[in-house]
Amino acid sequence: MSEQNQVNWQRTNLDHIEQAWEGDLWDRKRLGEQLTRYVDRLNCGAVLALDARWGEGKTWFVRHWKKHLEEEQHNVIYLDAFANDYLEDPFLVISSEITSCLSKDDDVDQNHIDNFKEKAATAYQALLPSLPKVLLTLGLNLISGGVLGTLAQQVHESGEKVIESATDVLGDKIKESIEAKIENHEADKNTLQAFKQELAQLADELDKPLVFIVDELDRCRPDFAIRLIERIKHFFDIPKIVFVLVMDKTQFSKVVCHNYGYDEKLGEEYLDKFVDFSVKLKYENLDYLKQKDEIKTLFNLLGFQGEKEINAYVEDIGMYVKYKKTSIREIKKNINLFALLYQNQTIKSSLILFSIFFKSELMNVESNDEMVQLLVSPINADPKFNVNLDLFNNQFTHHQITSEMNSLGNYSILYFVFGILNRRFTQEKSYDFLDQNYDFCPLHLTSKKKVLSSLERICRKSYLSRYMAGCE
């Protein structure tokens, strides 16, 4: 990597997608087309859940699906719940998004949109809790000198009377508000019903169902997320509107459990009350060949030069991905970090690359045996290698690799180390590096204890320990 080149952190821009499904590594287009055909038939409306773990491409999928739906003449709304969780009640933002979207549709009567806005404003007012309004009104009066101005003069004369007076004023206001709320309960019910009827009339004008995508539910404020799905079910679940809730259902169920004190099973059952059915966004350990061009491009953008070096790093990453089932988001994050920590020595850089991808595993290594298992595991996951651990362990006591081991594709411990870190160096270079940096001797001249001790130093000393700390 040229020293003159700057490191540019790469971020995926999904706000302006020109072509739907461009760069589709997981064949998500097929699922998107299936969902589109299904949504086209959902004139009754529905609430769907798109379920996948963090980093497995939920946002990428729904953003590209949104573009695809727009090309199919659907009205589509994308709402980032996390970006809006500063609001107290999601009712207003849902109503506003629907109004904004349908206002752009020439086939929708503008008078119906105006009526809907009016009904939405009235409904929102009915949903507002009375107590905060009372406290706000009272607070403004206090600040403006209404009560505070009078009471402040009495503080030194009679503190207890001041407290009693303020309490009486507040108590009377709250009581009046509660009584008014009870009296207006039936009117509020009618107001909310009128809102749903107006929304239903508005949606009925659409040729195809409106698709409302709610993303980042499992990242936003818990009480906001729960209230959002409750608002959707109670007030927006009508024909020709399909809500798609994008989440990690396992994590979101935990939010429900924490909020209501449910156990795990009840948390899942509570969530299922609001979702008609779920779609699991399958994350398969895709053929790494599909990713290679994109990963190579990322290395080039980060300033790496030399096709041979880039290809070698891509090959190593491919082996790690097969073993760890790393998400594409995590791969890119690790490569960006690797660019930051990059050393202009290929063997050192290979150690850094390995330490980044296997940081959590390396930090948890407590014995030499565990270190050996970790070193072997990625190669074991690679079909090009046929590793037998029993034979591998025998190499600590044998002075030479037997023909049987060779026939199974086994290597000495040294080859295992660099078979994982870097498979393209000669034995001589590998030995020189280990000998100079870790007092490592050729296998046939040392003991099992010496080999394991050296392995432990590889894990805990010098580059790995420094760069693992740098990954925090």
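Rule-based calculations on the coordinates, nothing more; no lab input. Note that the coordinates shown come from a computational prediction; the quantities given were computed from them, not determined experimentally. Neighbour counts run over all protein chains shown; Cβ positions are idealised from the backbone, glycine included.
Amide H contacts under 5 Å for Ile77: Val211, Phe212, Ile213, restricted to partners 5 or more places along the chain or on a different chain, H placed in the peptide plane at 1.01 Å from N. Amide hydrogen proximity for Asp218: with H placed 1.01 Å from N in the peptide plane, the residues at 5 or more positions away or on another chain lying under 5 Å are Asp248.
Listing Phe277, Phe357 from fewest to most neighbouring C-beta atoms within 10 Å gives Phe277, Phe357.
Residues whose amide H comes within less than 5 Å of that of Val279, counting only those at least five positions distant or on another chain, are Ala49, Leu50, Asp51 (H built at 1.01 Å from N in the peptide plane).
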